[in-house]
Structure formats: structure tokens, C-alpha cells
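The values are calculated or read from the model by the stated rules, or taken from the named source; none is laboratory data. What you see is a predicted model, and the numbers here were worked out from it, not measured in a lab. No Cβ is skipped: glycine too gets one built from the backbone with ideal geometry, and neighbour counts run over all protein chains shown.
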Ligand SMILES: [Zn+2]
């Protein structure tokens, strides 16, 4: 029997009673899981395996896709209260970028922190930037693209999606991100666009 802590990132009905889940495991990375009988009302796993829930699971690895045996809920999200665009942003990223059985424990932990904040815009954008960096799609996001200064880098270059410092901004480069850069709608919009571009290129 194998074990991991997983967040459910996709759920597909398989038959009347079963589902195929895509999960992001802390130790194993992304993988598929067959959840037999999970759609039945008396299934003990049913409430633990909703999209974006995190559970401790046991599963059986035989031939083909691993089969869920037991689960214990760690954290669940009240989907009703979530901003749907952020849920979509995060699920899109996880499903598109993660490779099967390629573990990213650090990203898993950052995801858990973002889920605890109910995927507000700050935690969603932070998660997305750390994600892009970790996966090698964002070279440097801690200094100005023009002068390499790391002071007052609250501006952004629209074309390259790179940070710009106050000094270079005063010379006509970049756009302001405001006092709380991660909450900036400019950052959100440019990040949406940058991720779309990266996905088209991979
Ligand atoms: Zn600069």
C-alpha cells in the first residue's frame, strides 16, 4: 500500500459509481487515481476527494492506474465563497504545467498556503509566480530587468513580464503595480497573458 498527501486537481466521472481523479501529491507529484464507488452516497471517501480538497490517502498500485483505498480529509475549501476566476487560474496551472510523477514538494506547500487563504488574489498571484519560477518559465523576478537593482521594483514591463525599478520607471519604462503589487489588477492581467503565452509555447 502506498501513501501520500494529495490535493485533488481534477475529477472525471468514469461510470455510474466511479471517478478518475487527478491529484497533486506532496511526495509523488501529479498522478491519476481510480476512485471506485466514490459516487455512491455511502462511500466513505466521497467527502474527502472534492476538487481542491487535501487528504491523506492510501492507494494500491497494481497494473494500470493506482486505486484509492482510504482517505482522511485534512483541508477542504468552501467553494461557494471562492472567487471562481482564481480557482480556474490555479487549476489551469496545476493541470497544464505539472508532469506525472514529477514531485514539487515546495510548490505543494505554497499551494496549501494559498488554499488556506481561500485563493485570494494575492495568494493566487504569488502561487503563480513561484510556480513559473520553479518550473523554469520565469528567470528572475526579484530585480529590475534594465539595471538589475532590487530596490523599489514595483513596476512591470508589459512586453517581457519582467520587473522594473522606480528609477527606470522615471525614465519611461514599465507600468506601476501600486503599493500592493501582488493584488494589482495589472499584474493579474499580465500574468494571465504570460501564462497563456507559455502554455502555447510548450
Ligand atoms: Zn532599474
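Checked against (1) under 20 Å from residue 11 (Cβ atoms); (2) modelled with pLDDT of 95 or more; (3) over 13 Å from the mean Cα position of the chain (by Cα), residue 144 meets all criteria but (1). Among the residues of the range 129-160, write down those that are in contact with a helix residue (DSSP H, G or I) (Cβ under 6 Å, 6 or more places away or on another chain) and in contact (Cβ under 8 Å) with a residue 60 or more places away in the chain. Passing the criteria: only 137. Of the residues screened, residue 166 is not one that is over 18 Å from the mean Cα position of the chain (by Cα) and closer than 30 Å to residue 82 by Cα. For the range 173-202, a residue qualifies if it is surrounded by fewer than 17 Cβ atoms within 10 Å (Cβ to Cβ) and within 16 Å of the ligand (Cβ to nearest atom), and the qualifying residues are 175, 176. On the stretch given as the range 156-172, residues that are crowded, with 17+ Cβ neighbours inside 10 Å and more than 9 Å from the ligand (Cβ to nearest atom) total 4. Out of everything in the range 109-142 that is in a helix (DSSP H, G or I) and surrounded by fewer than 14 Cβ atoms within 10 Å (Cβ to Cβ), what residue ends up being farthest from the ligand (Cβ to nearest atom)? Residue satisfying both the conditions and the ranking: 116.
Of everything listed in (1) touching a strand residue (DSSP E or B) at 6+ places or on another chain (Cβ under 9 Å); (2) surrounded by 20 or more Cβ atoms within 10 Å (Cβ to Cβ); (3) in a helix (DSSP H, G or I), the single unmet condition for residue 153 is (3).
Only one of the numbered conditions (1) in contact with a strand residue (DSSP E or B) (Cβ under 8 Å, 6 or more places away or on another chain); (2) within 16 Å of the ligand (Cβ to nearest atom); (3) not in a loop (DSSP other than H, G, I, E, B) is violated by residue 145, and that is (3). Among the conditions (1) near the ligand (Cβ under 9 Å from one of its atoms); (2) on the phi > 0 side of the Ramachandran plot, the only one that residue 151 does not satisfy is (2).
When 79, 41, 84 are screened for being at pLDDT below 95, touching a helix residue (DSSP H, G or I) at 6+ places or on another chain (Cβ under 8 Å) and loosely packed, with under 14 Cβ neighbours inside 10 Å, only 79 passes.
On the stretch given as the range 161-179, residues that are touching a strand residue (DSSP E or B) at 6+ places or on another chain (Cβ under 6 Å) and in contact (Cβ under 8 Å) with a residue 24 or more places away in the chain total 1.
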